[in-house]
2 protein chains.
Amino acid sequence: MREIKVGVLGLGVVGSGTVRILQENAEEIAQRAGARLVIKKIAVRDVTKTRAVSVDPALLTDNPCEVIDDPEVDILAELIGGVDPAHDYVLRAIRNGKNIVTANKEMMAKSGHDLMEAAGAANRDFFLEGSVAGGIPILTAVKESLAANRIREIIGIVNGTTNYILTKMTEEGANFASVLAEAQAKGYAEADPTSDIDGFDAQYKIAILASMAFNSLVPVDSVAAQGIRGVTARDIAVAKDLGYHIKLTAVARQDGMGGMQVRVNPALLPLSHPLANVNGVMNAIVLRGDAVGEVMFYGPGAGSLPTGSAVVGDMIAVARNIVMGSTGRIGCTCFEKKRMLPIADVETKFYVRVLAADRPKALASIAGVFGDNDVSIESIVQRVQPDGDAEIVWVTHKIREANLRAALETIQTLPAVRAVSNWIRVEE
Amino acid sequence: MREIKVGVLGLGVVGSGTVRILQENAEEIAQRAGARLVIKKIAVRDVTKTRAVSVDPALLTDNPCEVIDDPEVDILAELIGGVDPAHDYVLRAIRNGKNIVTANKEMMAKSGHDLMEAAGAANRDFFLEGSVAGGIPILTAVKESLAANRIREIIGIVNGTTNYILTKMTEEGANFASVLAEAQAKGYAEADPTSDIDGFDAQYKIAILASMAFNSLVPVDSVAAQGIRGVTARDIAVAKDLGYHIKLTAVARQDGMGGMQVRVNPALLPLSHPLANVNGVMNAIVLRGDAVGEVMFYGPGAGSLPTGSAVVGDMIAVARNIVMGSTGRIGCTCFEKKRMLPIADVETKFYVRVLAADRPKALASIAGVFGDNDVSIESIVQRVQPDGDAEIVWVTHKIREANLRAALETIQTLPAVRAVSNWIRVEE
């Protein structure tokens, strides 16, 4: 059987899962791919470090160019993460005629487009299933299985860390800081949690996914990203009373007139929503296509073996193409140039929680300001607090964010209002 | 742009959805496929009949050979269903050098293997995504995205009609016959509902899916199939009290020693099971792989456009291969010959409901017979009926079906026992 040589950059969490799968399932993979996938070389920072997977030390090098420039390497798996130096390594590998497999969401979201174009121009494969939602095969679904559809909408939970934190907050009534500390102790959150907590990880993923689904490049810096630091135990409790769970959602919609909205934000989801009960570190993505209707994909969104499953799945696809002489079979699919809707123009329902002093006056004056700004109201719940203040929770109809912001700017200056405690989007 | 000619057999539910998608999304499909998919000819039984989709009458013929033998047709979509004459049409088309796309589960389960082998030998594509779970891209996931995995287990709800009926029975406490009649009136069940109700439809689907997932042909007649006629409103109510929903499940497991169990049966699923709350006509499939862990796919398992989405998705894959000269890139994957476990040897937990007259004696004597047959018991719930009889519900530990059957044969002859009312598998 033909041998196809694999070079690997990085032997961290994803790299070691990838190598382990290639070792343990070698026979099955060879049968399915029609070729034996053989690891030729692995570049690591420190060749002496103990690894989660046992590897022949002769395969290791601390010089990435020994992998990138090895003429025998057919498939380069870039598993080091980050833009720099990963981007340059990958570009150099493409110029050397390698097919690329990557799980690097940040690189792909920030500067993946030119890499895919370069690979396409060289008739080489460039696959990135592991970069979005770990083991869930969502990119292949969008690019291949569901290719008959105009995809109208994607809403997903694509970050396990924040979903774990929000789930814990929901189940235990705990506050954000204490659950974050616990998640860090358990290894579910990084020591520097910014990328997850502030929504950047999800921002990268939805930018990639929306680009593929809408056939139009979504510049990552045009994706409004809001994390979960501002979600309080009180918001979660109030939302629950109203029949909602709060989740960090990654949303992409197109309006059929060439406009796209792509964003990351906490959102209230009704309990009947397919994502409302996706809990813990799990990921799930709901996708609506004009032909297929609504489909959902659910599974582990991160981790060594799940992400390795995606990476090796991509390698098998490349191997099949190498065997058939059909690499470059599916290249970059950003054929169109669609317009990004500014976040201020994005319409959803909103939840608004206000603390007010003088109840009758507050209700009337707030309602007046909402009316002045074309913010129409679906429901109001008012609760008297122990101190005599009132907590007034508003759920609006679908309105533009700009209108809500304008209204809230005035509302927080009203004499009867102590504070606009929070406002969060509501999805249906 | 290159044109690829499509021939279609059948313009029923799936055929009209397929044609409609090819018409309405022609531009997107052309861009993604790298070629224009043009319908050359459609064979129908009656060319004068009014159709759900508007088609140029010049495309229609009542002679299937005009499609199969047309030298310009590159892709033949077989959408007539059933084994005969579909199988012979498809074989003839392969011999004519056509690539095949089909949504015909019965043909694929009963005699698909030789068709796939013939297509492979001719280096032609043979895709069948629409044959299992409608619009849910499960076959492509198993054959491609998850190809790095040893798939250990599949459990799915793959028949919408029975899921609709069981959901209604669960929600309304209604009995099977009345809900079936209502489903027939609404068009969710056929006038002759046997294929759905008695589990044959699900049997075809799980035979196909397991063959691909386990890389070993699963002969459809070796798949034990039990439908839902025997599930009563009482069973559903009792199961609910115990924390379970009853679903018609299609299950495939391999034991790692070359043994496979593949079966269709009603099962009690704990409410925390990902399939327990898949309701109405929706389908869902949970898949466990050694690398990816547990993933779930959820969506519409039937219908004109959802199944058309799968069929056209397959056409796009074929078109990409035609453009690259790589048809036959992924052929039949039944490389191995694994052993089917007889249903009598399949171990699960079981729910057993017994009506007994003399309670203290009944409990002791039934327990004795279970003990004699190595049927160990996890829980017992006993309820006194208005007439003084007792309903005793047993949930066993994991045991072989053969042991349970042997025990129940003796139990139903016990003087204290009025009837063994039902027994149903329990999944965890």
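The values are calculated or read from the model by the stated rules, or taken from the named source; none is laboratory data. The structure presented is a predicted model; accordingly, all values stated were derived computationally and were not measured. Heads up, the Cβs are rebuilt from the backbone with ideal geometry, glycines too, and the neighbour counts pull from every protein chain shown.
Which residue, of A:Ala148, A:Ala174, A:Ala185, is more than 12 Å from the chain's Cα centre (by Cα), of a type outside the set (D, E, K, R) and either within 16 Å of A:Asn279 (Cα to Cα) or part of a strand (DSSP E or B) (or both)?
Working: A:Ala148 fails: either within 16 Å of A:Asn279 (Cα to Cα) or part of a strand (DSSP E or B) (or both); A:Ala185 fails: either within 16 Å of A:Asn279 (Cα to Cα) or part of a strand (DSSP E or B) (or both).
Of A:Ala148, A:Ala174, A:Ala185, the one residue that is more than 12 Å from the chain's Cα centre (by Cα), of a type outside the set (D, E, K, R) and either within 16 Å of A:Asn279 (Cα to Cα) or part of a strand (DSSP E or B) (or both) is A:Ala174.
Can you find, within segment B:1-29, the residue that is surrounded by the most Cβ atoms within 10 Å (Cβ to Cβ) among those that are closer than 16 Å to B:Ala52 by Cα and more than 27 Å from the chain's Cα centre (by Cα)? Step through it out loud before you land on a result.
Residues of segment B:1-29 that are closer than 16 Å to B:Ala52 by Cα, as a first pass: B:8-24.
Restricting the remaining residues to those that are more than 27 Å from the chain's Cα centre (by Cα) gives B:23-24.
Working: B:Gln23: 13, B:Glu24: 16.
Among residues in segment B:1-29 that are closer than 16 Å to B:Ala52 by Cα and more than 27 Å from the chain's Cα centre (by Cα), the one surrounded by the most Cβ atoms within 10 Å (Cβ to Cβ) is B:Glu24.
For a quick check of your reading of the model, give me the residue pairs whose first member lies in segment A:235-246 and is on the phi > 0 side of the Ramachandran plot, whose second is in a strand (DSSP E or B), with beta-carbon atoms closer than 7 Å and at least 6 apart or on different chains.
Here the result reads A:Gly243/A:Pro270, each pair linking segment A:235-246 to a residue that is in a strand (DSSP E or B).
State whether one or more residues within segment A:66-76 are within 14 Å of another protein chain (Cβ to nearest Cβ) and farther than 30 Å from A:Ala207 by Cβ. Explain how you work it out, then say what you get.
Within segment A:66-76, the first condition is being within 14 Å of another protein chain (Cβ to nearest Cβ), and the residues that meet it are A:75.
Next cut, farther than 30 Å from A:Ala207 by Cβ only: none.
No, the conditions are met nowhere in segment A:66-76.
Out of the residues in segment A:175-200 meeting the condition of being surrounded by fewer than 16 Cβ atoms within 10 Å (Cβ to Cβ) and of a type in the set (A, V, I, L, M, F, W, C), tell me which one is nearest to A:Ala133 (Cα to Cα).
Residue satisfying both the conditions and the ranking: A:Ala191.
Restricting to segment B:401-422, and then to whatever is among the small types (Gly, Ala, Ser) and assigned to a helix (DSSP H, G or I), can you tell me which residue is nearest to B:Glu378 (Cα to Cα)?
The initial filter retains those residues of segment B:401-422 that are among the small types (Gly, Ala, Ser), namely B:402, B:406-407, B:416, B:419, B:421.
Now restrict to residues that are assigned to a helix (DSSP H, G or I): B:402, B:406-407.
Numbers: B:Ala402: 18, B:Ala406: 19, B:Ala407: 16 Å.
Per the criteria, the residue is B:Ala407.
Looking at segment A:285-297, which of its residues are facing chain B (nearest Cβ under 9 Å) and either acidic (Asp, Glu) or touching a helix residue (DSSP H, G or I) at 6+ places or on another chain (Cβ under 6 Å) (or both)?
Listed by number, the residues that qualify are A:Asp290, A:Ala291, A:Val292, A:Gly293, A:Glu294, A:Phe297.
Is segment B:11-26 home to any residue that is basic (Lys, Arg) and part of a helix (DSSP H, G or I)? It would help to see each step written out before you state the result.
First, pick out the residues of segment B:11-26 that are basic (Lys, Arg): B:20.
Checking which are part of a helix (DSSP H, G or I) leaves us with B:20.
Yes, some residue in segment B:11-26 is basic (Lys, Arg) and part of a helix (DSSP H, G or I).
Show the residue pairs meeting these rules: Cβ distance below 7 Å; 6+ apart or different chains; first residue within segment B:50-70 and basic (Lys, Arg); second residue not in a helix (DSSP H, G or I).
Close Cβ pairs satisfying both conditions: B:Arg51/B:Leu11.
Would a scan of segment A:325-336 turn up a residue that is among the charged types (D, E, K, R) and surrounded by fewer than 19 Cβ atoms within 10 Å (Cβ to Cβ)? Step through it out loud before you land on a result.
Taking segment A:325-336 and keeping what is among the charged types (D, E, K, R), we get A:329, A:336.
Filter again for surrounded by fewer than 19 Cβ atoms within 10 Å (Cβ to Cβ), leaving A:336.
Yes, some residue in segment A:325-336 is among the charged types (D, E, K, R) and surrounded by fewer than 19 Cβ atoms within 10 Å (Cβ to Cβ).
Of all residues in segment A:239-250 being surrounded by 22 or more Cβ atoms within 10 Å (Cβ to Cβ) and aliphatic (A, V, I, L, M), which is nearest to the chain's Cα centre (by Cα)?
Our first condition is that a residue be surrounded by 22 or more Cβ atoms within 10 Å (Cβ to Cβ); within segment A:239-250, this holds for A:239, A:244, A:246-250.
Subset that is aliphatic (A, V, I, L, M): A:239, A:246, A:248, A:250.
Values: A:Ala239: 24, A:Ile246: 17, A:Leu248: 10, A:Ala250: 6 Å.
The residue in question is A:Ala250.
Anything in segment A:208-238 that is more than 26 Å from A:Asn422 (Cβ to Cβ), in contact with a helix residue (DSSP H, G or I) (Cβ under 8 Å, 6 or more places away or on another chain) and among the aliphatic types (A, V, I, L, M)? List them, or say none.
Of everything in segment A:208-238, those that are more than 26 Å from A:Asn422 (Cβ to Cβ), in contact with a helix residue (DSSP H, G or I) (Cβ under 8 Å, 6 or more places away or on another chain) and among the aliphatic types (A, V, I, L, M) turn out to be A:Ile208, A:Leu209, A:Met212, A:Ala213, A:Leu217, A:Val218, A:Val220.
Tell me which residues, restricted to segment A:314-332, are outside any helix (DSSP H, G or I) and among the β-branched types (Val, Ile, Thr). Quick ask: steps written out before the conclusion?
Pass one, segment A:314-332, residues outside any helix (DSSP H, G or I): A:325-332.
A:Thr327, A:Ile330, listed by residue number.
Out of the residues in segment A:30-57 that are within 12 Å of another protein chain (Cβ to nearest Cβ) and part of a helix (DSSP H, G or I), which is surrounded by the most Cβ atoms within 10 Å (Cβ to Cβ)? Steps first, please.
Within segment A:30-57, the first condition is being within 12 Å of another protein chain (Cβ to nearest Cβ), and the residues that meet it are A:30-34, A:37.
Narrowing the set further to residues that are part of a helix (DSSP H, G or I) leaves A:30-33.
Numbers: A:Ala30: 19, A:Gln31: 16, A:Arg32: 21, A:Ala33: 25.
By that ranking, first place goes to A:Ala33.
Would you confirm, using the coordinates I've provided, whether B:Ala406 is in contact (Cβ under 8 Å) with a residue 12 or more places away in the chain, out of contact with any Ser or Thr (no Cβ under 7 Å at 6 or more places or on another chain) and more than 20 Å from B:Val223 (Cα to Cα)? Quick ask: steps written out before the conclusion?
Values: in contact (Cβ under 8 Å) with a residue 12 or more places away in the chain: yes; out of contact with any Ser or Thr (no Cβ under 7 Å at 6 or more places or on another chain): yes; more than 20 Å from B:Val223 (Cα to Cα): yes.
For B:Ala406, the condition - in contact (Cβ under 8 Å) with a residue 12 or more places away in the chain, out of contact with any Ser or Thr (no Cβ under 7 Å at 6 or more places or on another chain) and more than 20 Å from B:Val223 (Cα to Cα) - is met.
Has segment A:265-284 got at least one residue that is under 21 Å from B:Pro306 (Cβ atoms), within 15 Å of the chain's Cα centre (by Cα) and either among the small types (Gly, Ala, Ser) or at the interface with another protein chain (Cβ under 9 Å from one of its Cβ atoms) (or both)?
yes
If you go through segment B:298-315 one residue at a time, how many are among the polar types (S, T, N, Q), in contact with a strand residue (DSSP E or B) (Cβ under 9 Å, 6 or more places away or on another chain) and more than 7 Å from every other protein chain (Cβ to nearest Cβ)? Walk me through how you get there before you give the answer.
So the first thing to find is which residues in segment B:298-315 are among the polar types (S, T, N, Q), and the list is B:304, B:307, B:309.
Now drop any that are not in contact with a strand residue (DSSP E or B) (Cβ under 9 Å, 6 or more places away or on another chain), which leaves B:307, B:309.
The next check asks that each one be more than 7 Å from every other protein chain (Cβ to nearest Cβ); those that pass are B:307.
Of the residues in that region, 1 qualify.
Which residues, counting only those in segment A:89-115, are part of a helix (DSSP H, G or I) and among the hydroxyl-bearing types (Ser, Thr, Tyr)?
Residues of segment A:89-115 that are part of a helix (DSSP H, G or I), as a first pass: A:89-95, A:105-115.
Within segment A:89-115, A:Tyr89, A:Ser111 qualify.
Taking the condition of being more than 23 Å from A:Gln261 (Cα to Cα) and touching a residue at least 12 places away in the same chain (Cβ under 8 Å), how many residues in segment A:340-366 meet it?
Step one: list which residues in segment A:340-366 are more than 23 Å from A:Gln261 (Cα to Cα), which gives A:353-366.
If we keep only those that are touching a residue at least 12 places away in the same chain (Cβ under 8 Å) too, we end up with A:353-359, A:361-363, A:365-366.
Number satisfying all stated conditions: 12.
In segment A:302-321, is there at least one residue being free of Cβ contacts under 8 Å to residues at least 12 places away in the same chain and not basic (Lys, Arg)?
Our first condition is that a residue be free of Cβ contacts under 8 Å to residues at least 12 places away in the same chain; within segment A:302-321, this holds for none.
No, segment A:302-321 contains no residue that is free of Cβ contacts under 8 Å to residues at least 12 places away in the same chain and not basic (Lys, Arg).
Take the conditions outside the structural domain of B:Phe200 (by TED's automatic domain parsing) and assigned to a loop (DSSP other than H, G, I, E, B) and apply them to B:Arg124. Does it pass? Steps first, answer last, please.
Values: outside the structural domain of B:Phe200 (by TED's automatic domain parsing): yes; assigned to a loop (DSSP other than H, G, I, E, B): yes.
Considered against the rule, which asks whether it is outside the structural domain of B:Phe200 (by TED's automatic domain parsing) and assigned to a loop (DSSP other than H, G, I, E, B), B:Arg124 comes out as yes.
All but one of (1) over 20 Å from B:Asn104 (Cα atoms); (2) crowded, with 23+ Cβ neighbours inside 10 Å; (3) β-branched (Val, Ile, Thr) hold for B:Thr232; which doesn't?
Among (1) over 20 Å from B:Asn104 (Cα atoms); (2) crowded, with 23+ Cβ neighbours inside 10 Å; (3) β-branched (Val, Ile, Thr), the lone unmet condition for B:Thr232 is (2).
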